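The values are calculated or read from the model by the stated rules, or taken from the named source; none is laboratory data. Values in this document were obtained by computation on a predicted structure and should not be read as measured data. Glycine also receives a Cβ, built like all others from the backbone with ideal geometry; neighbour counts cover every protein chain displayed. Areas reflect the complete protein model, heavy atoms only, side chains present, ligands, DNA and RNA absent. Shrake-Rupley method; radii C 1.70, N 1.55, O 1.52, S 1.80 Å.
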Amino acid sequence: MTETTTGRRERKKAHTRQALADAAVRLFTEHGFDNVGVREVAEAADVSLSTLFKHFPSKEALVFDLDADIESALVAAVRDRAPGQPVLHALRDHMVHSRTAVRTDDPTFVLVESTPALRDYARRMWSRHENTLAAALAEATGLAPDSPAVSGLARFALETPGIARASEDPARTMRDLFALLEHGWAVTPLAQQEDRPGRNG
């Protein structure tokens, strides 16, 4: 098989996958997730049902077509960081750059937030990312894969977008959260006030 043929096949697969994802979000948004079947999505994308399941293992997965890309990017942020850059800073920069771009009025975001089944799927998806990220952090730092340091950092890092999303300045909030991870509670203004003489009696 020539490189040209392989490239054409990969482009066709990517096009089909994108068509399915676009059709799914459109139909789910217009009619509600629970009111649309996978067969309708396949028909809207002009592919067979078997083709749909070759690309997406479940109905919920249709909405999260970038799942694998998101996970790969998380790992790459740690493994491909600049020489001498701490893993925490590399992870912070990646999360600020990638996750604060999500708009709360984006149709897919609204769809997920308004559909319990999709919210549950998103949580499970994020948990899978947590395990993969923890493994990458362990490899990068030399710590054991089951070390609380790497599992804790992976979990906390992946929670920052959900906290930051509710703020007026998500990017700044996310940086503040990573600063808290890096320096601890003691450097926060409230902790410094608590430590003043006479503060606690």
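Below are the figures for this structure:
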read-out	value
Distance between segment 91-159 and segment 1-66 - C-alpha centres, whole angstrom	24
Overall form of segment 121-185 per C-alpha gyration tensor (a/c, 1.5; a/b vs b/c)	oblate
Value of relative contact order over the chain, rounded to a whole percent, pairs C-alpha under 8 Å and six or more apart	16
Label corresponding to Cα extents along the principal axes in Å when calculated from the structure given, among (1) 39, 39, 38; (2) 72, 42, 27; (3) 48, 38, 32	(2)
With eigenvalues of the C-alpha gyration tensor scaled by 5 and rooted, segment 1-104, Å	32, 21, 10
The chain - percent of accessible surface contributed by carbon and sulfur, probe 1.4 Å	52
Net dipole in debye of segment 19-160 [+1 Lys, Arg Cβ; -1 Asp, Glu Cβ; about Cα centre; nearest 20]	380
